[in-house]
Amino acid sequence: MAVAIIGVGTLAFSFWQPAGNSSSVQAAEIGGPFALTAPDGTTVTDKTLAGKPFAIFFGFTRCPDVCPTSLSRMARLRKELGPDGMAFNIVFVSVDPEHDKPGNLGSFVELFGTPIIGLTGTEPQLAQIKQGYKVFSAKVPQPGGDYTIDHTAAIYLMSATGEFAGTIGYQESDAEALEKLKRLIK
């Protein structure tokens, strides 16, 4: 399943992942307004996040590999940045509103030992943010009636003004990812 998720993410990003410092997509094409719910029940919007760069990742709490690996990686990279590591927010948006309620989303993000803003919403709210960020996700039925979710596996980097600043790919080296984060918080 991980291969499918990574493949889908790679396919989706092949259309607009930046090469080096240039981007084949205009910044205005990625991002945009949204309103989602935090674990404490408060509403978080694009305006709430304004003023501080952020790395945003889309997934679900029952994800067996890509989501916990990506969030663990972001926590580790934040620590490697030292004091500068807190100069950006990490945001995790669940694309599984059927299962991921605010309370269990809060418990999930706490597992990574660094502040992570966990967000969820209704299907229409999630459709809006997924469209704005060009995120793919699809429910995949499993035997016995359960499901998993295939989803984009890249982390989006957004400037303090909410402009798209690039991505960190799932298979990208930590050295490359760290350099992108340094540029983001500069």
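The values are calculated or read from the model by the stated rules, or taken from the named source; none is laboratory data. All of these numbers come straight from a predicted model, not from anything done at the bench. Cβ atoms come from the backbone with ideal geometry, glycine included; neighbour counts cover every protein chain shown. What goes into the accessible areas is simple: the full protein's heavy atoms, side chains included, and nothing from ligands, DNA or RNA. Shrake-Rupley method; radii C 1.70, N 1.55, O 1.52, S 1.80 Å.
Find how much the distance from His99 to Val140 grows on full extension, using 0.36 nm per residue of separation minus their present alpha carbon separation; answer in nm with one decimal. Show your work: numbers first, answer last.
Details: separation 41, 0.36 × 41 = 14.76 nm, distance 1.40 nm.
Using 0.36 nm per residue and subtracting the Cα-Cα distance, I get 13.4 nm.
Return the FRET efficiency for the residue pair Thr43, Ser107: r is the Cβ-Cβ distance, R0 is 22 Å, and the value is rounded to the nearest 0.05. Mind dumping the intermediate values first?
Numbers: r = 20 Å, r/R0 = 0.90.
Between Thr43 and Ser107 the formula returns 0.65.
Kindly report the accessible area of the range 87-186 per residue (heavy atoms of protein chains, probe 1.4 Å, no ligands, DNA or RNA), in Å².
Details: 4490 Å² over 100 residues.
For the range 87-186, the solvent-accessible area averages 45 Å² per residue.
Using protein chains only and a probe of 1.4 angstrom, how many square angstrom of Thr69 are accessible, to the nearest 10?
Accessible area of Thr69: about 70 Å².
Could I have the simple spin-label model distance between Tyr147 and Ser173, label points 7 Å from Cα toward Cβ, reported in nm to one decimal?
4.0 nm
Beyond a 20 Å Cα-Cα separation, which of these cross-linked pairs lie in this structure: Lys52/Lys79; Lys134/Lys182; Lys130/Lys180; Lys79/Lys130?
Working: Lys52/Lys79 18 Å; Lys134/Lys182 24 Å; Lys130/Lys180 23 Å; Lys79/Lys130 28 Å.
Long pairs (Cα-Cα over 20 Å): Lys134/Lys182; Lys130/Lys180; Lys79/Lys130.
Around Gly82, with a cut-off of 14 angstrom between Cβ atoms, what is the net charge of the other residues, counting Lys and Arg +1 and Asp and Glu -1? Could you put the intermediate results ahead of the total?
Values: positive: Arg76, Arg78, Lys79, Lys182; negative: Glu80, Asp84.
The answer is +2.
Accessible surface of Asp40 in the full protein assembly, 1.4 angstrom probe, to the nearest 10 Å²?
Its accessible surface works out to 110 Å², give or take rounding.
Which whole-number percentage describes the relative contact order of the range 32-163, with Cα contacts under 8 Å and a sequence gap of 6 or more? Each step should come with its number before you reach the end.
On the way: 226 pairs, mean separation 48.6, N = 132.
Across the range 32-163, relative contact order equals 37 percent.
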